[in-house]
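The values are calculated or read from the model by the stated rules, or taken from the named source; none is laboratory data. Owing to the predicted nature of the structure, the values given are computational and were not obtained by experimental measurement. Counting neighbours? That spans all protein chains shown, and the Cβs are built from the backbone with ideal geometry, glycine included.
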Amino acid sequence: MVPDSKLCNVPDKRTDPWLLVYSPVSVALIFLVYLCVVWAGPRLMKHREPFDLKVFLIVYNFAMVGLSAHMFYEFVVTSWLSNYSFLCQPVDYSTSPLSLRMAKACWWFFFSKVIELADTIFFILRKKNSQLTFLHVYHHGTMIFNWWAGIKYVAGGQSFFIGLVNTFVHIVMYSYYGLAAIGPHMQKYLWWKRYLTSLQLLQFLLFLFHTGYNLFTECDFPDSMNASVFSYCVTLIILFSNFYYQSYLNKKKQK
């Protein structure tokens with residue numbers, strides 16, 4: 001059965017057998033464990049020395065650069081070979097090689113969001129509790145639900161644009177984290193942190209315009225998914241804008 005492209009109410013049978021896709025229960029359990037770690041972790045670490053994760057963080061962050069680069073490549077090449085449109089691209093639910101290749105790229109993007117929950121654990125183990133902001137927990141915790149819905153119902157089509165842009169941003173972001181993990185002597189080369197935040201904000205604005213365009217034009221892609229992404233991006237723009245203001249503009253005023 002081919003899902004109704006406008007209602008998004010029938011699962012994509014191609015992705016159902018893939019890891020963590022069939023039922024939302026597995027993702028919900030991961031989310032609950034994540035919240036428990038966020039709550040209990042700092043309390044368990046309160047009277048302990050922070051862990052030295054320098055080598056592990058260097059390997060982890062550059063491994064994430066590699067994974068992000070691989071996904072970016074898959075999104076670029078597969079969309080190019082499939083003649084995808086940046087304005088309106090329905091989901092191809094067939095089992096053609098290119099359609100399945102795009103679906104697999106989307107699944108890896110979803111799974112990468114599960115892997116990225118480890119970022120929070122590293123903050124806790126290093127006692128960097130100031131990094132456990134509402135923005136951090138909200139963004140990491142909700143992305144797994146958003147992309148579970150994406151891989152469950154719309155593995156391809158317009159979804160590729162989010163994966164394409166976000167994987168590029170994450171190549172830059174994890175490169176920054178990897179370089180920062182090498183040591184304090186790298187800080188003089190990391191003057192571009194402010195521009196990384198600007199890049200993150202820019203991607204959310206792109207998603208906002210992209211989904212907004214498809215919401216108000218005729219496009220054979222689920223309105224419910226576009227509306228969900230649109231509203232989610234509004235929250236992220238507000239939160240990241242506040243972070244940008246507090247981190248750069250407000251501090252500059254205080255100085």
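Somewhere in region 44-52, is a residue under 25 Å from residue 221 (Cβ atoms), in contact with a helix residue (DSSP H, G or I) (Cβ under 9 Å, 6 or more places away or on another chain) and either among the aromatic types (Phe, Trp, Tyr) or not in a helix (DSSP H, G or I) (or both)? Show your work before the answer.
Let us first name the residues in region 44-52 that are under 25 Å from residue 221 (Cβ atoms), namely none.
No.
Which of the following residues is of a type outside the set (Ser, Thr, Tyr), over 28 Å from residue 57 (Cα atoms) and either surrounded by 15 or more Cβ atoms within 10 Å (Cβ to Cβ) or touching a helix residue (DSSP H, G or I) at 6+ places or on another chain (Cβ under 8 Å) (or both): 208, 249, 196? If you could, list the steps in order and put the result at the bottom.
On the way: 249 fails: either surrounded by 15 or more Cβ atoms within 10 Å (Cβ to Cβ) or touching a helix residue (DSSP H, G or I) at 6+ places or on another chain (Cβ under 8 Å) (or both); 196 fails: over 28 Å from residue 57 (Cα atoms).
Going through 208, 249, 196 in turn, the sole match is 208.
State whether the residues of region 139-147 include one that is assigned to a helix (DSSP H, G or I), closer than 12 Å to residue 15 by Cβ and either in contact (Cβ under 8 Å) with a residue 24 or more places away in the chain or among the hydrophobic types (A, V, I, L, M, F, W, C) (or both). Working first, answer last.
Applying the first criterion (assigned to a helix (DSSP H, G or I)) to region 139-147 yields 139-147.
Cutting the leftovers down to closer than 12 Å to residue 15 by Cβ gives us 147.
From the residues that got through so far, the ones that are either in contact (Cβ under 8 Å) with a residue 24 or more places away in the chain or among the hydrophobic types (A, V, I, L, M, F, W, C) (or both) too are 147.
The answer is yes, given that some residue of region 139-147 is assigned to a helix (DSSP H, G or I), closer than 12 Å to residue 15 by Cβ and either in contact (Cβ under 8 Å) with a residue 24 or more places away in the chain or among the hydrophobic types (A, V, I, L, M, F, W, C) (or both).
Please verify whether residue 83 is part of a loop (DSSP other than H, G, I, E, B), under 30 Å from residue 158 (Cβ atoms) and at pLDDT 95 or above, treating the condition exactly as stated. Before the answer, list the steps.
Working: part of a loop (DSSP other than H, G, I, E, B): yes; under 30 Å from residue 158 (Cβ atoms): yes; at pLDDT 95 or above: yes.
Yes: the conditions hold for residue 83.
Show the residue pairs meeting these rules: Cβ distance below 6 Å; 6+ apart or different chains; first residue within region 92-120 and in a loop (DSSP other than H, G, I, E, B); second residue modelled with pLDDT under 95.
Final answer for the pair search is 93/2.
Which of (1) within 24 Å of residue 28 (Cβ to Cβ); (2) under 17 Å from the mean Cα position of the chain (by Cα); (3) buried (at least 20 other Cβ atoms within 10 Å of the Cβ) does residue 75 not meet, given it meets every other one?
For residue 75, the failing item is (1).
Restricting attention to region 57-72, which residues are more than 17 Å from the chain's Cα centre (by Cα) and either touching a residue at least 40 places away in the same chain (Cβ under 8 Å) or crowded, with 17+ Cβ neighbours inside 10 Å (or both)?
Step one: filter region 57-72 for residues more than 17 Å from the chain's Cα centre (by Cα), giving 57-59.
Of everything in region 57-72, those that are more than 17 Å from the chain's Cα centre (by Cα) and either touching a residue at least 40 places away in the same chain (Cβ under 8 Å) or crowded, with 17+ Cβ neighbours inside 10 Å (or both) turn out to be 57, 58.
Identify, by number, the condition in (1) crowded, with 16+ Cβ neighbours inside 10 Å; (2) in a helix (DSSP H, G or I); (3) modelled with pLDDT under 95; (4) not β-branched (Val, Ile, Thr) that residue 185 doesn't meet.
Evaluating residue 185 over (1) crowded, with 16+ Cβ neighbours inside 10 Å; (2) in a helix (DSSP H, G or I); (3) modelled with pLDDT under 95; (4) not β-branched (Val, Ile, Thr) leaves (1) as the failure.
Mind checking which residues of region 9-33 are under 15 Å from residue 113 (Cα atoms) and in a loop (DSSP other than H, G, I, E, B)?
19, 20, 21
Between residues in region 13-27 that are among the aliphatic types (A, V, I, L, M) and residues that are at pLDDT 95 or above and surrounded by fewer than 19 Cβ atoms within 10 Å (Cβ to Cβ), which pairs lie under 6 Å by C-beta distance while being six or more apart or on different chains?
Pairs that qualify, where the first residue is among the aliphatic types (A, V, I, L, M) and the partner is at pLDDT 95 or above and surrounded by fewer than 19 Cβ atoms within 10 Å (Cβ to Cβ), are 20/26.
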